[in-house]
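Each remark here refers to the structure printed beneath this line.
The values are calculated or read from the model by the stated rules, or taken from the named source; none is laboratory data. What you see is a predicted model; the values in this text were computed from it and never measured. Positions of Cβ are backbone-derived with ideal geometry, glycine not excepted, and every protein chain shown enters the neighbour counts. Ligands, DNA and RNA are stripped out before the accessible areas are found, and what is left, the full protein with its side chains, is counted by its heavy atoms. Shrake-Rupley method; radii C 1.70, N 1.55, O 1.52, S 1.80 Å.
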2 protein chains.
Amino acid sequence: MPRPLILVSNDDGITSKGILTLINVMKELGDVLVVAPDSPQSGMGHAITVGESLRLEENLVFKGVKAYQCSGTPADCVKMARHFVLKGQRQPDVVVSGINHGSNTSISVLYSGTMSAAIEGAIEGTPAIGFSLCDYSHDADFSHTEEYIKKITKQVLDKGLPKGVALNVNFPPKQSQPLKGVRICRQANAKWVEEFDQRFDPNGRRYFWMAGSFVNFDKGEDNDEWAIANNYVSVVPCQFDLTAHQAISILNEEWEILDRSEQTEVSEYRIPGAEDGLKIQ
Amino acid sequence: MPRPLILVSNDDGITSKGILTLINVMKELGDVLVVAPDSPQSGMGHAITVGESLRLEENLVFKGVKAYQCSGTPADCVKMARHFVLKGQRQPDVVVSGINHGSNTSISVLYSGTMSAAIEGAIEGTPAIGFSLCDYSHDADFSHTEEYIKKITKQVLDKGLPKGVALNVNFPPKQSQPLKGVRICRQANAKWVEEFDQRFDPNGRRYFWMAGSFVNFDKGEDNDEWAIANNYVSVVPCQFDLTAHQAISILNEEWEILDRSEQTEVSEYRIPGAEDGLKIQ
């Protein structure tokens with residue numbers, strides 16, 4: 001059996017400490033291909049580059065690893081890896097993204113470039129994992145994450161993931177106590193409350209910095225915020241089917257502008273593509 | 001009862017024909033505030049501006065409507081509207097985004113700046129709708145959409161939406177036959193297959209244009225692709241809880257790296273915030 005082919009990307013850019021840590025762990029598990037942004041892309045969500053062209057250059061700093069840097073977003077990187085770098089060749093067995101310098105728990109998953117690379121993997125039918133450390137510093141200590149990253153990636157390589165699912169894995173910052181273990185969680189119900197810090201440039205023109213505070217409404221113990229606050233590794237399985245399936249029947253019952261004579265029954269919840277069997281591997 | 005306050009944004013920028021059409025329809029339904037990007041932001045997904053500052057300038061081209069143009073993404077626009085322009089004031093009764101010049105059906109919802117503005121509204125607890133026309137041309141004919149946009153927005157103002165839900169509304173391009181009606185749909189199982197068109201700049205350096213073709217795997221008649229192909233207006237209720245709830249029990253059963261002695265039961269599916277009652281209005 002050949003060694004697994006592992007595609008690595010991130011959103012902090014190819015020079016970040018987080019991706020270097022991730023590459024080093026992945027080299028123990030398989031053959032590594034890196035396609036990552038050539039500059040930081042934090043907060044890019046699931047952006048793709050549609051109105052501009054893209055650059056892709058080989059990057060020679062990683063020993064024993066084929067690596068490219070791309071001028072686009074994390075989602076662009078995964079698309080270029082698959083449809084240009086690996087075109088007509090063996091495709092990755094797993095896509096891993098990160099390790100992000102900063103939390104991607106709860107609502108932050110929507111704004112996360114790290115997770116968009118992983119979700120792009122899932123869209124392509126490849127098991128995928130985004131890793132984030134809840135520590136924003138440039139030289140954050142990632143040492144406590146390595147053992148868990150290896151275990152989680154091995155589980156995914158061994159067992160696959162349900163179709164259409166990518167994992168959002170977050171780690172607490174390094175503490176004096178070791179991590180307590182891994183929890184499978186749901187996305188916490190929380191949000192950011194923004195404040196706009198108004199300033200004036202040397203020409204007297206107004207500009208703003210977006211700042212904000214995080215507000216957690218969730219009292220549960222089954223969510224990612226709780227796990228991180230209690231020194232667990234949080235694993236949230238995420239999907240790219242955004243349909244609020246529960247809302248379909250509510251709208252069908254309540255709305256007065258539908259032609260009910262022709263109404264089709266909308267099928268119950270299903271993971272996209274699950275009709276071909278539940279697992280991808 | 002005061003007229004509703006309607007916040008309008010989009011991703012094609014404040015000068016596009018689509019937002020002008022939407023503003024004109026909304027003026028019949030309530031008081032309108034526009035906060036929209038000062039330049040096209042297509043494909044921005046749920047990006048926000050975290051590493052740069054933002055500009056916000058009043059725009060004076062719309063008669064009888066307070067309007068601002070922002071240098072940021074669609075999600076930034078909704079955040080600035082709420083937390084700067086309307087800070088300490090009455091908040092919008094509905095957020096509408098669009099009308100997008102181009103389809104946001106199926107997987108495109110992830111890449112859509114139009115929908116990120118709507119979903120940002122839903123995160124803030126405000127009913128929200130993204131409108132898109134499946135016609136990419138700059139001077140597309142939006143005339144057949146106006147009656148339906150008015151009806152759908154009135155339904156949402158009258159009945160509210162389930163908590164945490166934003167609507168993704170797509171219209172077929174203008175055809176000789178009138179639209180057949182409105183369908184409540186799920187997101188179709190489809191994806192883009194990219195191709196990278198390689199070129200060389202005058203210095204001999206390689207660059208790429210991302211192109212791609214859309215592939216629909218979905219055989220159902222209950223999804224948005226089917227509705228558009230059959231000349232219906234598609235309405236997909238979308239959520240920002242990305243948790244693949246079905247996958248939680250699969251991982252909890254299969255994974256060998258969990259400490260089962262301490263395992264918490266993960267609660268069943270719920271719309272974020274739904275513990276406070278199902279509806280927002």
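Scanning the stretch B:231-244 for residues that are of a type outside the set (A, V, I, L, M, F, W, C), more than 8 Å from chain A (Cβ to nearest Cβ) and within 20 Å of A:Ile250 (Cβ to Cβ) yields B:Tyr232, B:Ser234. The set of residues from the stretch A:112-128 being crowded, with 24+ Cβ neighbours inside 10 Å and of a type outside the set (A, V, I, L, M, F, W, C) comprises A:Ser112, A:Gly113, A:Thr114, A:Ser116, A:Glu120, A:Gly121, A:Pro127.
Is it the case that A:Ala211 is buried (at least 21 other Cβ atoms within 10 Å of the Cβ) and either at pLDDT below 95 or within 23 Å of the chain's Cα centre (by Cα) (or both)?
Values: buried (at least 21 other Cβ atoms within 10 Å of the Cβ): no; either at pLDDT below 95 or within 23 Å of the chain's Cα centre (by Cα) (or both): yes.
No; evaluated as a whole, the condition is false for this residue.
Filtering the stretch B:53-100 to residues that are more than 14 Å from every other protein chain (Cβ to nearest Cβ), under 21 Å from the mean Cα position of the chain (by Cα) and among the charged types (D, E, K, R) leaves only B:Asp93. Residue pairs whose Cβ atoms lie under 9 Å apart, sitting 6 or more positions apart in sequence or on different chains, and linking a residue in the stretch B:81-93 that is under 17 Å from B:Pro4 (Cβ atoms) to a partner that is surrounded by 14 or more Cβ atoms within 10 Å (Cβ to Cβ) and among the acidic types (Asp, Glu), are B:Arg82/A:Glu194; B:Arg82/B:Glu120; B:Arg82/B:Glu124; B:Gln91/B:Glu124; B:Pro92/B:Glu124.
Okay, residues lined up against (1) of a type in the set (A, V, I, L, M, F, W, C); (2) within 8 Å of another protein chain (Cβ to nearest Cβ); (3) open to solvent by less than 60 Å² (accessible area, probe 1.4 Å):
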site: A:Gly181; (1), (2), (3): no, yes, yes
site: A:Ile184; (1), (2), (3): yes, yes, yes
site: A:Ala190; (1), (2), (3): yes, no, yes
site: A:Asp197; (1), (2), (3): no, no, no
site: A:Asp201; (1), (2), (3): no, no, yes
site: A:Arg206; (1), (2), (3): no, yes, no
site: A:Phe217; (1), (2), (3): yes, yes, no
site: A:Glu221; (1), (2), (3): no, yes, no
site: A:Ala229; (1), (2), (3): yes, no, no
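For the stretch A:175-185, state whether one or more residues are farther than 17 Å from B:Asp259 by Cα and of a type in the set (Val, Ile, Thr). No, the stretch A:175-185 contains no residue that is farther than 17 Å from B:Asp259 by Cα and of a type in the set (Val, Ile, Thr). Residues in the stretch B:117-167 that are part of a strand (DSSP E or B), more than 8 Å from chain A (Cβ to nearest Cβ) and not aromatic (Phe, Trp, Tyr): 7 in all. Would you mind finding the one in A:Val78, A:Val50, A:Val61, A:Val85 that is of a type in the set (Val, Ile, Thr) and in contact with a helix residue (DSSP H, G or I) (Cβ under 6 Å, 6 or more places away or on another chain)? None of the other options fit; the residue is A:Val78.
Every residue, every condition in (1) surrounded by fewer than 24 Cβ atoms within 10 Å (Cβ to Cβ); (2) at pLDDT 95 or above; (3) touching a strand residue (DSSP E or B) at 6+ places or on another chain (Cβ under 8 Å), yes or no:
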site	(1), (2), (3)
A:Leu7	no, yes, yes
A:Leu33	yes, yes, yes
A:Ala36	no, yes, yes
A:Ala47	no, no, no
A:Leu86	yes, yes, yes
A:Arg90	yes, yes, yes
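Would you call B:Ala75 under 18 Å from A:Gly113 (Cα atoms) and surrounded by 18 or more Cβ atoms within 10 Å (Cβ to Cβ)? Against the criterion (under 18 Å from A:Gly113 (Cα atoms) and surrounded by 18 or more Cβ atoms within 10 Å (Cβ to Cβ)), B:Ala75 qualifies. From the list B:Glu275, B:Glu268, the one residue that fits, being more than 9 Å from chain A (Cβ to nearest Cβ), modelled with pLDDT under 95 and within 26 Å of A:Ser108 (Cβ to Cβ), is B:Glu268. Could you say whether any residue in the stretch A:56-72 is closer than 22 Å to B:Asp241 by Cα and open to solvent by less than 50 Å² (accessible area, probe 1.4 Å)? Within the stretch A:56-72 (the criterion being closer than 22 Å to B:Asp241 by Cα and open to solvent by less than 50 Å² (accessible area, probe 1.4 Å)), the answer is no, since none of the residues qualifies.
Counting just the residues of the stretch B:4-18 that are more than 15 Å from B:Thr153 (Cα to Cα) and not charged (D, E, K, R), which one comes out farthest from the chain's Cα centre (by Cα)?
Kept after step one, since they are more than 15 Å from B:Thr153 (Cα to Cα), are these residues of the stretch B:4-18: B:10-18.
Okay, now just the ones that are also not charged (D, E, K, R), so B:10, B:13-16, B:18.
Values: B:Asn10: 8, B:Gly13: 14, B:Ile14: 16, B:Thr15: 18, B:Ser16: 16, B:Gly18: 14 Å.
Here the residue is B:Thr15.
Going through (1) under 20 Å from B:Ile6 (Cβ atoms); (2) in contact (Cβ under 8 Å) with a residue 24 or more places away in the chain; (3) acidic (Asp, Glu); (4) surrounded by fewer than 21 Cβ atoms within 10 Å (Cβ to Cβ) one by one, B:Asp141 falls short only on (1).
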